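**Q** This is the structure, below, for whatever I ask next.
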Amino acid sequence: ALAVSALPKKNSSKPRTVVFTQGSQSTIVACDGKVTEFAVDPLARELLVDTNGAGDAFVGGFLSQLVNGKDMEACVKAGHWAAKYIIQQSGTQFGATCDYQA
């Protein structure tokens, strides 16, 4: 992750941020020469329904906080919440209301 974050990019005004999700294992974030690992809260096996859309859900949750100027911890927390929610559903359906608490 650190090597990828150090690759050149056109817009050098902001550092490259690299996020590696690993399913039930920790999420790795590399930015500005620093690597941070974020633990994933375990989900009971019997609650796991369908992993389709887990990565997309993570990205949606992550970006929802990033565009609001939140720090990486808040971004990853929202991503983890969204992925955990979606893997407990059949397909990629989201409920009518969202109970996420930032």
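The values are calculated or read from the model by the stated rules, or taken from the named source; none is laboratory data. Please read these numbers as outputs of a predicted model, since none were measured by experiment. Counting neighbours? That spans all protein chains shown, and the Cβs are built from the backbone with ideal geometry, glycine included. Just the protein is used for accessible areas: all its heavy atoms, side chains included, with ligands, DNA and RNA removed. Shrake-Rupley method; radii C 1.70, N 1.55, O 1.52, S 1.80 Å.
**Q** Looking only at the range 1-24, count every residue that is in a loop (DSSP other than H, G, I, E, B) and under 15 Å from Leu66 (Cβ atoms) and tell me the total.
**A** Residues in the range 1-24 being in a loop (DSSP other than H, G, I, E, B) and under 15 Å from Leu66 (Cβ atoms): 3 in total.
**Q** So which residues in the range 25-40 are at pLDDT 95 or above, open to solvent by 50 Å² or more (accessible area, probe 1.4 Å) and either part of a loop (DSSP other than H, G, I, E, B) or closer than 16 Å to Lys77 by Cβ (or both), if there are any at all?
**A** Answer for the range 25-40, where residues must be at pLDDT 95 or above, open to solvent by 50 Å² or more (accessible area, probe 1.4 Å) and either part of a loop (DSSP other than H, G, I, E, B) or closer than 16 Å to Lys77 by Cβ (or both): Glu37, Ala39.
**Q** Step by step: first the residues of the range 53-63, then only those that are within 10 Å of the chain's Cα centre (by Cα) and over 17 Å from Ile28 (Cβ atoms), then the one that is most open to solvent (accessible area, probe 1.4 Å). Which residue is that?
**A** Within the range 53-63, the match that is most open to solvent (accessible area, probe 1.4 Å) is Asp56.
**Q** (1) exposed (fewer than 11 other Cβ atoms within 10 Å of the Cβ); (2) in contact (Cβ under 8 Å) with a residue 40 or more places away in the chain; (3) not aliphatic (A, V, I, L, M): which one isn't true of Arg45, the others all being true?
**A** (2)
**Q** List pairs: first in the range 71-95 and over 12 Å from Phe58 (Cβ atoms), second part of a helix (DSSP H, G or I) and of a type in the set (Asp, Glu), Cβ under 8 Å, 6+ apart or cross-chain?
**A** Hits for this filter: Thr92/Asp56.
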